[in-house]
Amino acid sequence: MKVEAESAIRVDNLNKSFGRKVVLKDLCFKVPMNSISGFLGPNGAGKTTTLRILMGLIPLLDGKIVMLGENLPAGRTRAVEQIGAVVENPAFIETMTAVENLKWFGALYKPVTLERILESIEMVGLKDAAYQRFGSFSSGMKQRLGVAFGILQKPKLLILDEPTSGMDPAGRVAMREILQRIHEHEKTTIFLSSHLLDEVQRLCDYVVILDRGRTVQEGYVSEILAGHLESWEIRIPDENLAQAVEVLKTFSEEGLEWSNCPRGLTLTMGQNMSDRINEALVKAGVKVEALIPKEASLEDTFIRLTSDEAPKGEN
């Protein structure tokens, strides 16, 4: 039975165990349509298990999943026709070129034109390597070809498991630009797992944070970060530090915290306190050389919500 597609993915009360080990417990989350959404969690939180269930690599036995308006497992065939995925490491034939691999594996689903193959290859930045053997590709190039395969059939939804795994910083920047381009030009909703919080914050507009098989927070990145305490770096000459700390102590009851940094102090405070703190320091004769806001980070939320003591294992 087909239902209204309010979200690209909706998961309700999903449970999964391997023997006595509980991996997912009443997992619930959604992925908004037309978003780039990140799936975050410590090792062992259940991310890869969830993605495998979404793609039918592990059977859905307990819970409800709706993808692109189709109830699973009944509507899986109709849903999969509209989904591209790279859940495992790309495994193409080493002796075939990029074009030959996409033609061969693409045809296993439904016929694909050479024009679309070349278009997909160009979209991931491999135009100059289109007729190069896959075996000669770097790990980053292999990841890109996997993404090219994922978008080959122009899916409405693209699911990726650690798409920047093994890449250097330049490769991660390039992949981020590729995914943004796919999202904008192909109008594709993207759902990706990653452990690189900075990359997720730069790329995604929605995140789902998982810990020990449960969703501990989800929402639009802008809304999650809007509720954060503000962090500022205040640059003060060494001779003024002791005096500055005495001034800052008067704001302690309002939740102000501070710590030393190489050229002054790092302040953590409630919103809209920075002007008053700066004014108090100046009035006390403290020379404030600079007051620099630090961007709120998903890392703060992630660390607060997850624990290093979470069980390790299947992820």
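The values are calculated or read from the model by the stated rules, or taken from the named source; none is laboratory data. Note that the structure is predicted; figures quoted are calculated from it, not measured. Glycine also receives a Cβ, built like all others from the backbone with ideal geometry; neighbour counts cover every protein chain displayed.
Observations, loosely collected:
- Scan of the range 252-274 for residues that are exposed (fewer than 12 other Cβ atoms within 10 Å of the Cβ) and not in a helix (DSSP H, G or I), ordered by number: Gly255, Ser259, Asn260, Pro262, Gln271, Asn272
- Of the residues Leu145, Leu158, Leu210, Leu179, the single one that is buried (at least 19 other Cβ atoms within 10 Å of the Cβ), closer than 26 Å to Thr95 by Cβ and hydrophobic (A, V, I, L, M, F, W, C) is Leu145.
- Residue within the range 239-251 that is surrounded by 14 or more Cβ atoms within 10 Å (Cβ to Cβ), modelled with pLDDT of 90 or more and under 15 Å from the mean Cα position of the chain (by Cα) present: no
- Count of residues meeting criterion [of a type outside the set (A, V, I, L, M) and over 17 Å from Asp275 (Cα atoms)] in the range 219-252: 12
- Scanning the range 35-85 for residues that are in a helix (DSSP H, G or I), within 18 Å of Leu196 (Cα to Cα) and hydroxyl-bearing (Ser, Thr, Tyr) returns a single hit, Thr48.
- Being of a type outside the set (Gly, Ala, Ser), farther than 26 Å from Thr306 by Cα and surrounded by 14 or more Cβ atoms within 10 Å (Cβ to Cβ) is a condition met by at least one residue of the range 187-198.
- Which listed residue is in contact with a Ser or Thr (Cβ under 9 Å, 6 or more places away or on another chain) and touching a residue at least 12 places away in the same chain (Cβ under 8 Å), from Phe29, Phe92, Phe105: Phe29
- When the residues of the range 175-195 are filtered to those that are among the aliphatic types (A, V, I, L, M), in contact with a strand residue (DSSP E or B) (Cβ under 9 Å, 6 or more places away or on another chain) and part of a helix (DSSP H, G or I), the one that is nearest to Ser139 (Cα to Cα) is Leu179.
- Ser7 falls short on exactly one of the conditions (1) free of Cβ contacts under 8 Å to residues at least 60 places away in the same chain; (2) more than 21 Å from Leu203 (Cβ to Cβ); (3) out of contact with any Asp or Glu (no Cβ under 7 Å at 6 or more places or on another chain), and that condition is (2).
- Test: Lys287 is farther than 30 Å from Leu40 by Cβ, surrounded by fewer than 16 Cβ atoms within 10 Å (Cβ to Cβ) and touching a helix residue (DSSP H, G or I) at 6+ places or on another chain (Cβ under 7 Å): yes
- Hey, Ser231 of a type in the set (Gly, Ala, Ser), within 17 Å of the chain's Cα centre (by Cα) and over 29 Å from Arg116 (Cα atoms) or not: no
- Of all the numbered requirements in (1) out of contact with any Lys or Arg (no Cβ under 8 Å at 6 or more places or on another chain); (2) under 30 Å from Lys25 (Cα atoms); (3) not acidic (Asp, Glu), Thr189 misses one, and that requirement is (1).
- Checked against (1) within 23 Å of the chain's Cα centre (by Cα); (2) at pLDDT 90 or above, Ala74 passes all but a single condition, namely (1).
- The lone exception for Gly219 - which of (1) under 22 Å from Leu160 (Cβ atoms); (2) out of contact with any Ser or Thr (no Cβ under 8 Å at 6 or more places or on another chain); (3) in contact (Cβ under 8 Å) with a residue 24 or more places away in the chain it fails: (3)
- Identity of the residue in the range 1-58, among the β-branched types (Val, Ile, Thr) and touching a helix residue (DSSP H, G or I) at 6+ places or on another chain (Cβ under 6 Å), that ends up surrounded by the most Cβ atoms within 10 Å (Cβ to Cβ): Ile36
- Residue in the range 258-279 that is in contact with a helix residue (DSSP H, G or I) (Cβ under 6 Å, 6 or more places away or on another chain) and outside the structural domain of Ile151 (by TED's automatic domain parsing) present: yes
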